[in-house]
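Everything below concerns the one structure shown next.
Readers should treat all values here as calculations from the given coordinates under stated rules, not as data from a laboratory. This is a predicted model, so every value here is computed, not measured. Positions of Cβ are backbone-derived with ideal geometry, glycine not excepted, and every protein chain shown enters the neighbour counts.
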Amino acid sequence: MRFLLAGFPLQPKPILAPNRFTAIKNHILLLLVLVLEKKFDYEDDGEDDKNAEIANAAFVRQTARSIMNKQFYITTAIDYVNGQPHLGHAYEKIVADVIARSHRSLGQEVFFLTGLDEHGQKVQQAAIAEGKSPQTYCDELAADWLAFAKKLQLTNDDFVRTTQPRHKEFVQAILSKLNDAGQFYKKTYSGFYSAKEETFLTEKDRNPDGTFDPGYGEVVELQEENYYFKLGAHQQWLIDYIEKNPSFIQPDYRRNEVLGFLKNNTLEDLCISRPAVRLNWGIPLPFDKNFVTYVWFDALVNYISIPAAHGDKTIREILMLRESVVAGGASLWPADVHVIGKDILKFHAVYWPIMLKAMNLPLPKQILVHGWWQKDGAKISKSTGNIVDPIAVIDEWGLDAFRFYVLRELDIGPDGNWTDAGFRSRYQAELANGLGNLVNRSLSMLKRYRNGIVPEKSDELSADAAKAADETRALLKQNQLQAALQSIWLLVARANKYVDETAPFKLAKDPAQAKRLDEVLYNLTETCRVLAVLLWPFLPGTAVKIFGQLGLNPDESGPDKSSEAPPSSLRFDAASWGKLNAGHKIGEPAPLFPRKDI
Ligand code: MSP
């Protein structure tokens, strides 16, 4: 018996076990579906080939997964492949990665999607400028972007490229459905067109002197026939929805911006096509091959095309894209968070919800909007050379130093400003002298005075550690990453102060103070362990290094590589005080953030 996904390649992940209880539950589920599978075997037509086996295995996993809870589904914007990744791209992906890791650390199953937006005029033009076919151009650059995702240690579960058949076929299926449902119409439009922004401009976009902002690039007068999507009818519905769901667009001031826009403008219908004669690097409209799909309609759909490729039940059932051959499937949609930059808010908060409504699909739970980075107070721009090369920074200072700076410096919402001096100063003060110094001196003293053996438990710093853990947990649930780091660093500062107050180096000289020294050393060592747990979503490499130096091998408890979930010893629950046992021997201390001459 074969279970077909007809055109949608399956990429099932193994069943995950966020905690013991879930693991047991999974085993029961698996047994259940295995029994079911056996039943199907008897009813089979006797065919017993390899394909059927593979399909059955996929079915078993998918069914088990579909019975399980919905996964926490987080996405980023998909980046244009018309250049190399820069600081802005890196920031957004790191923010999403920290949120994904936090939810895993809190014991949830997570699906994190990122990827590339490969169609459209910008890409076509860039390819032509390099004398390459758009596909070759995209393939070459995609390799760099994938390597970049690895460099940032992103824990994405999939990487979409909009030129992949799984995405293109899905976009065409949606377009056909919406067209059949009468959501599109064709009309001739004449106006001013910006190729750079791939959009028609209106009178409102003109400067008082009649010119257009140089940011639009060359603006030409065009008259062309295109397909349009009926947006206008849904304007009041969207206003009501946003008003009723305050957390739908965050932060609040971005939500107010969207409401202001919707209340003060009449929504024009959205042009969803481009004539193929002018732009052929796109997905052909299934009902009119003289046109390709407008790049935004194509790009936004990635948020559902990939879940569909993983067999998402909601999407498949509501869109009725396939005969109901597949009983199982991932449970991803609706997305829990779309992380995007402020410049693409209208596409996500106005067009996307209306597109979803037209498809009868539920809306994402949240659109989380971050600000833009500048460097030295000016716009980041390749042409003026005002850039930050994330790869160069990471190679010189280490990934966690880069992740720390962008997350600690900029809250999710406002714009930020990168300065090399600011970066060096945070590295020195907060990483090298703060966290690094605490871990290094705590473990070195334990090594020197107690031969690296953890003394009896003591709880002098347990209240401080519990406060940091509680606050961090609560802040992470609200995506307050910067505030969570501040809270963690209060614990770093408290522990460093504790060293100064208790002066273990003096206690070590007085045999009568041996018990007191034991207490101090336990408190410091255990604080280092708690810090590693709290830091894992932000600075995963550092957390693992601290564990290694503590002689706790996080790999022992079996990290789930496929889901990038942390091993249980590094999950949030492990932040509770007193898990380090007396008699345990730590590993070798080494500087986490070597001091640099700056
Ligand atoms: N391809 C579209 C997004 C489609 S999503 C369905 C796009 N691509 S982009 O490469 O121009 O931008 C990708 C993301 O990077 C966007 O969220 C954008 O806001 C973000 N950033 C680009 N430059 C940035 C900064 N200087 N600072 C912070 N983020 C910025 O738009």
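Principal-axis analysis of the Cα atoms of the chain puts helix 134-151 at an angle of about 20° to the longest axis.
Would the stretch 124-193 count as rounded, prolate or oblate if I go by the C-alpha gyration tensor, calling it rounded below 1.5 in a/c and otherwise prolate when a/b exceeds b/c, oblate otherwise? Since a/c reaches 1.5 but b/c is at least a/b, the shape of the stretch 124-193 is classed as oblate.
Overall, the chain carries a charge dipole of about 1460 debye about its Cα centre when +1 sits on the Cβ of Lys and Arg and -1 on the Cβ of Asp and Glu, all other atoms neutral.
The distance between label points at Lys596 and Asn433 comes to 1.7 nm (points 7 Å beyond Cα on the Cα→Cβ vector). With everything on Cα atoms, drop me the angle between helix 462-477 and the longest principal axis of the chain, reported from 0 to 90° to the nearest 10. Between the helix axis and the principal axis of the chain, the angle is about 0 degrees. For the pair the stretch 231-274 / the stretch 454-491, the C-alpha centres are spaced 38 Å from each other.
With unit charges on the beta carbon (Lys/Arg positive, Asp/Glu negative), name the residue among Tyr91, Leu270, Tyr303 whose Cα is farthest towards the positive pole of the charge dipole of the chain. Value computed over the given set: Tyr91. Comparing Val258, Ala466, Ala173 along the charge dipole axis of the chain, the residue lying farthest to the positive side is Ala466, per the Cβ-charge model. Shape class for the stretch 132-238, computed from the alpha carbon gyration tensor (a ≥ b ≥ c): oblate, with a/c not under 1.5 and a/b at or below b/c.
Working note: Cα gyration tensor of the stretch 332-428, eigenvalues times five, square-rooted, sorted largest first, giving semi-axes of 33, 16, 11 Å. The Ser133 and Glu317 beta-carbon pair, evaluated with R₀ = 30 Å, returns a calculated FRET efficiency of approximately 0.20. Near Arg408, once Lys and Arg are set to +1 and Asp and Glu to -1 for all other residues with Cβ below 11 Å from its Cβ, the sum equals -1. For the chain, the 222 nm mean residue ellipticity estimated from helices alone, with every DSSP H stretch of n ≥ 4 adding -39500 (n - 2.57) and the total spread over all residues, rounds to -14000 deg cm²/dmol. Ordering Leu491, Tyr405, Gly416 by Cα displacement along the dipole of the stretch 381-540 toward the positive end leaves Leu491 in first place; charges were set at the Cβ atoms of Lys, Arg (+1) and Asp, Glu (-1). The stretch 416-447 and the stretch 148-211 have their alpha-carbon centroids 44 Å apart. The C-alpha atoms of the chain define a longest principal axis, and helix 481-502 lies at about 10 degrees to it. In sequence order, the stretch 414-427 has phi-based couplings of x, 7, x, 10, 8, 10, 4, 5, x, 4, 5, 5, 5, 4 Hz under the Karplus curve 6.51 cos²θ - 1.76 cosθ + 1.60, θ = phi - 60°, and Gly or Pro positions carry x.
For the pair Thr188 and Asn207 in one chain, pulling the backbone fully straight at 0.36 nm per residue adds 4.3 nm over the alpha carbon distance.
From the Cα gyration tensor of the chain, with a ≥ b ≥ c the square roots of its eigenvalues, which class applies: rounded if a/c is under 1.5, or else prolate if a/b is larger than b/c, or else oblate? Intermediate results must be reported in sequence, preceding the final value.
Values: a/c = 2.33, a/b = 1.47, b/c = 1.59.
Judged from the Cα gyration tensor, the chain comes out oblate (a/c at least 1.5, b/c at or above a/b).
For the stretch 318-469, the Cβ-based charge dipole about the Cα centre amounts to some 100 debye (Lys, Arg positive; Asp, Glu negative; other atoms uncharged).
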